[in-house]
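Asks: Sharing a structure here in structure tokens format.
The values are calculated or read from the model by the stated rules, or taken from the named source; none is laboratory data. From a predicted model like this one, the values you see are computed outputs, not experimental measurements. As a convention, Cβ positions derive from the backbone with ideal geometry for all residues, glycine included, and neighbour counts pool all protein chains shown.
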Amino acid sequence: MRDHIPVVVQGRGRRAPRVVFAWALWACGEVMTTVGVVVALLVVHQVWWTNRQAHASAQQRVRALERAWEQPADAAPDGAAPVEPGGSGAQPGGEAGGEPAPEAGPDGSAAPGGPGVPSVPARTPAPAAGTAAGGAAYAVLRIPRLRLSVPVARGVDKRSVLDKGYAGQYPGTAPPGARGNFALAGHRNTHGEPFRYINRLRAGDELIVDVRGRRYTYVVGQVLGETTERDTGVIAPVPRSAVKPSYGYGVPAAYITLTTCTPEYSSRYRLVVWGTLASTA
């Protein structure tokens, strides 16, 4: 009699958990890959494309201002009107119409002391007649050492000023060339990053501000490499750090202040460059 050999048949039920697990791993891998690609594209857009767009737009605005200044004053387009330094009511206001200015910084925070910008007074005088409206470039800042030319607009709003690659004038600070503190903020990274390399400035470097018919040349005097976001003293009429009092000035004069975030790709601290007016032409 032939022996019966038992045949073992593996049930499919044992394979099912393994198949489901493998499929789940594959699906997770696909999702993670897709998310990674999307994040990479967002980084490229933020770090590279916004720089390209904002820088190109800012340089076009510089050229437009220069062309407008070659024309008679009554033919100047909106935003290219002259600014009378030191005149009555000539201190720039907040938003158009003299409403309170948002306390925003180069990285867009609307809270007091937001990234890149120390806190500023909530209410400022209305702008004088004939000055550029908030968000409209009215001057050009030139830094020969950095080979930089950047439009200057009133206010430090992210969307309407800083993200355009402009330098923004703090509400309530002095006009170019006037006694007091002409204080500016700008992006260190992304959106044209006009102030990326201001850490390279040294005492004696020139900071030139052109307004229709006028050129104000400031000379760098001090650089404060690091302070807190709420150090409002750096943009005071007589600038002096409230955090590091050994940095700053003690007598009234015509000052310029440049502020941005530090270290790069961070908004933890603020970098400050100060200069004093050397000549007017």
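Asks: List every residue pair whose Cβ atoms lie under 6 Å apart, where the two residues are 6 or more positions apart in sequence or sit on different chains, the first residue falls within the range 169-190 and is closer than 15 Å to Leu141 by Cα, and the second residue, located anywhere, is outside any loop (DSSP other than H, G, I, E, B) and among the basic types (Lys, Arg).
Replies: Matching pairs, first to second residue: Gln169/Arg154.
Asks: For the range 151-163, what are the residues that are at pLDDT below 95 and basic (Lys, Arg)?
Replies: Residues satisfying the conditions are Lys158, Arg159.
Asks: All but one of (1) of a type outside the set (A, V, I, L, M); (2) part of a strand (DSSP E or B); (3) in contact with a Cys (Cβ under 9 Å, 6 or more places away or on another chain) hold for Ser267; which doesn't?
Replies: If we test Ser267 against (1) of a type outside the set (A, V, I, L, M); (2) part of a strand (DSSP E or B); (3) in contact with a Cys (Cβ under 9 Å, 6 or more places away or on another chain), just (2) comes out false.
Asks: With (1) surrounded by fewer than 24 Cβ atoms within 10 Å (Cβ to Cβ); (2) at pLDDT 95 or above; (3) farther than 22 Å from Ala278 by Cα; (4) among the hydrophobic types (A, V, I, L, M, F, W, C) as the list, and Ala136 as the residue in question, which single condition is left unmet?
Replies: (2)
Asks: For residues that are crowded, with 17+ Cβ neighbours inside 10 Å, out of contact with any helix residue (DSSP H, G or I) (no Cβ under 9 Å at 6 or more places or on another chain) and under 23 Å from Tyr166 (Cα atoms), tally how many sit in the range 243-268.
Replies: 5
Asks: Also, quick follow-up: Is it fair to say Glu206 is modelled with pLDDT under 95 and not basic (Lys, Arg)?
Replies: no
Asks: Something else now. So if I check each of Thr227, Thr217, which one is closer than 30 Å to Gln60 by Cβ and in contact (Cβ under 8 Å) with a residue 12 or more places away in the chain?
Replies: Of the residues listed, the single one that is closer than 30 Å to Gln60 by Cβ and in contact (Cβ under 8 Å) with a residue 12 or more places away in the chain is Thr217.
Asks: From Val209, Val156, Val223, Val219, which residue is outside any loop (DSSP other than H, G, I, E, B), buried (at least 21 other Cβ atoms within 10 Å of the Cβ), touching a strand residue (DSSP E or B) at 6+ places or on another chain (Cβ under 8 Å) and of a type in the set (A, V, I, L, M, F, W, C)?
Replies: Val209
Asks: Another one. Could you list, in sequence order, the residues of the range 226-246 that are part of a loop (DSSP other than H, G, I, E, B) and of a type in the set (A, V, I, L, M, F, W, C)?
Replies: Selection gives Ala236, Val238, Ala242, Val243.
Asks: Follow-up. Of all residues in the range 184-206, which are crowded, with 20+ Cβ neighbours inside 10 Å and not in a loop (DSSP other than H, G, I, E, B)?
Replies: Of everything in the range 184-206, those that are crowded, with 20+ Cβ neighbours inside 10 Å and not in a loop (DSSP other than H, G, I, E, B) turn out to be Leu184, Ala185, Ile198.
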